[in-house]
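Here is the structure we will look at, set down as C-alpha cells.
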Amino acid sequence: MNTWGHVLGNNRVALITGITGQDGAYLAQLLLNKGYTVHGVKRRSSSFNTGRIEQIYQDPHEDNQQFTLHYGDLTDSTNMIRIVQDTQPDEIYNLAAQSHVQVSFETPEYTANVDGIGTLRLLEAIRILGMTDKARFYQASTSELYGMAQQVPQTETTPFYPRSPYAAAKLYAYWITVNYREAYGIHASNGILFNHESPLRGETFVTRKITRAVAAIHRGRQETLFLGNLDAKRDWGHAREYVEGMWRMLQQDKPDDYVLATGEATSVRNFATWAFEDVGIPLEWRGEGVEERGIDARTGKCLVEVDPRYFRPTEVDMIVGDASKARERLGWSHATSARTLAAEMVQEDLRLLDAA
Ligand code: NDP
Ligand code: GDR
C-alpha cells in the first residue's frame, strides 16, 4: 500500500472518461483499491470540477503515481487518440456524457456529438492505435434506450425505443460498440444500467434534487420543492454497487451486454414521501395533475408543488429492469434498496448543509 492508501502492483492500467462525474468517482476508487493505475479524462472548466475525486487526488510531483488526470474532451478526436496512446490502457471505461435527459432537448446536437460520436472517437482511437487486442472497452449504455418500453421488466433482448435526444445519441453509441466488437474483435461491452444514485449524484437529477431540498426545508433554509412529473417510475439503485458491475463485465473472457438493475420501480412521488419521512415530516398528497401538492400532514403547510417547466416533451413513464443475466454470468446483484438509498442521501445532504 502506498501513502494514499492505494494497493500497489497489479500492473493493470485503466482509463476513465467522465472521471469527475458520479460514476467516475466511485469507479476510480474501486479500481485504485484493486491496485490499478488509473488515468482519468477531465474537462477544462472555469471553476473547480474535481470535488468528487478530491480524496483520491494525488499530487503529480509525488513518486509512485497511481492516479493521473489528463485534460480532454470527447468532442476532440486527436486529444482522445493522444491520451489513449500515452496511457496504453488495458481497460477503458467510457463514462463521459452530457447525461441529463431534459437538457438534451435543449442541446440535442451537442449531446449527439458527445454521447454518440464521442463513443465512436474512442473506439476509433483503439483501432487506429492497433490496440484492438489489448484494450477492453466499457460503454455506459442506459435504460433510457428502452424509452417507451415494449416489455416489462426490460432485459438485454427488449427492443429499444428512445424518447429523447440523449437516448437517441446513446442508441448510436450502443450499436457502434456492438459493431466494433463484431467488426474488429474488440473486447467491448455495453452496461445497460438503470438509474443509480448516491450522495455524489448531480444536483439536478430528481433524487438528489429531492434529498437536498428536504434537508434544506428541514433546516428552515428553503420553503418549497418544485418538481415535474410525480408519476414517473424509475428503478433506482446505488452507484457504488453498479460500478462493481462495470468492472466485472470487463473481467469476462468474452465481451457482452448486460442489464444492471434492482427490479423494483418507485415513483418520484414515493421517493419524495420517503425523503420527507426521513426528517420526520409526514407528507400527504392532495389534488391532481399540476394542482397536486405535497402537504406537511402535521401543519398543513405546502412543501411540494408541481412546476410544468420540468415536464419533458416526451417522457419515459416507467422502466424497471431484470438483471438475471448479470446475476448468473457476473455474479452481480444489487444490495441497496431505493428506500435505503433515499435515507443515505438525506443524511448526507443534512451533513453537508450543517458543514457549510
Ligand atoms: P455525470 O453527469 O455525473 O458525469 C458525466 C461525466 O462526463 C462528468 O465527468 C463530465 O464532466 C463528463 N463530460 C461531460 N461532457 C464531456 C465531454 N464533452 N468530454 C469529456 N467529458 C465530459 O454522469 P454519471 O456519472 O451519473 O453517469 C456516467 C455515465 O453513465 C454517463 O455516460 C451516463 O449517461 C451513463 N448512465 C448513467 C446512469 C445513472 O443513473 N447515473 C444510468 C445509465 C447510464 P464535468 O464534471 O466536467 O461535467
Ligand atoms: P432520468 O433521471 O431522466 O431517468 O435519467 P432524472 O432524475 O433526471 O429524472 C427521473 C424522472 O423524474 C422525473 N422528474 C424530474 N426530473 C428532474 N431531473 N427534475 C425534476 O424536478 C423532476 N420532477 C420529476 C423526470 O421527468 C423523470 O421521469 C437518468 C440520467 O442519469 C441518465 O444519464 C441515465 O441514462 C438514466 O437516468 C438511466
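A short reminder: the numbers here are calculations on the coordinates, not readings from a lab. These numbers come from a predicted model, not from an experiment. FYI the Cβ positions are ideal-geometry reconstructions off the backbone, even for glycines, and counts take in every protein chain you see.
With everything on Cα atoms, drop me the angle between helix 338-355 and the longest principal axis of the chain, reported from 0 to 90° to the nearest 10.
So the inclination is approximately 90 degrees.
Express in whole angstrom the spacing between the alpha-carbon centres of segment 134-203 and segment 219-297.
First find each Cα centre; the distance between them is then 20 Å.
Averaging the inverse of every distinct alpha carbon separation and then flipping it gives the Kirkwood radius. What is it for segment 158-208, in angstrom units?
Values: mean 1/r = 0.0759 Å⁻¹.
Radius from the Kirkwood sum: 13.2 Å.
Only bridges whose two residues both fall in segment 146-272 count here: according to DSSP, what percent of them are antiparallel, nearest 5? Could the numbers behind the result be given before it?
Working: 2 of 8 bridges.
In segment 146-272, DSSP labels about 25 percent of beta bridges as antiparallel.
Quick one: what do you get for segment 240-287 if you divide its Cα Rg by 2.2 N^0.38 Å?
Working: Rg = 17.9 Å, N = 48, 2.2 N^0.38 = 9.6 Å.
That ratio works out to 1.87.
Tell me the angle of helix 77-87 to the major Cα principal axis of the chain, expressed in degrees between 0 and 90 and rounded to the nearest ten.
The angle comes out near 70 degrees.
Just to be sure I understand the curve: with the Debye formula and one point per C-alpha of the chain, what is log10 I(q)/I(0) at q = 0.07, 0.11, 0.12, 0.14 Å⁻¹?
-0.31, -0.75, -0.89, -1.19
How about segment 146-219: which GluC sites (Glu not before Pro) there are in a DSSP loop, with at most 14 other Cβ atoms within 10 Å of their Cβ? Mind dumping the intermediate values first?
Values: sites: Glu156, Glu182, Glu197, Glu203; in loops: Glu156, Glu203.
Here the sparse-neighbourhood loop sites are Glu203.
Bin width 5 Å, alpha-carbon pairs only: give the P(r) of segment 13-193 as whole percents, running from 0 to the bin holding the largest distance.
Bin by bin from 0 Å, the calculated values are 1, 8, 17, 20, 20, 16, 10, 5, 2, 0, 0.
So what's the angle, to the nearest 10 degrees on a 0 to 90 scale, between helix 206-218 and the longest Cα principal axis of the chain?
Between helix and principal axis, roughly 50 degrees.
Using the C-alpha gyration tensor of segment 288-331, what are the square roots of 5 times its eigenvalues, in whole angstrom, with the largest one first? Provide the component values of the computation, followed by the final result.
Working: eigenvalues 272, 64, 11 Å².
Over the Cα atoms of segment 288-331, the ellipsoid semi-axes are 37, 18, 7 Å.
Within 10 Å of each candidate Cβ there may be at most 11 other Cβ atoms; applying that plus a DSSP loop requirement, which trypsin sites (Lys or Arg not before Pro) in segment 192-278 survive?
Details: sites: Arg201, Arg208, Lys209, Arg212, Arg219, Arg221, Lys233, Arg234, Arg240, Arg248, Arg269; in loops: Arg201, Arg219, Arg221.
Answer in residue order: Arg221.
Quick one: of the DSSP bridges fully inside the chain, what percent are antiparallel, nearest 5? Numbers along the way, then the final one.
Values: 9 of 44 bridges.
Close to 20 percent.
Within straight cross-link reach of Lys42, meaning Cα distance under 24 Å, which lysines are found once same-chain residues fewer than 8 apart are removed?
Output for Lys42: Lys34, Lys134, Lys170.
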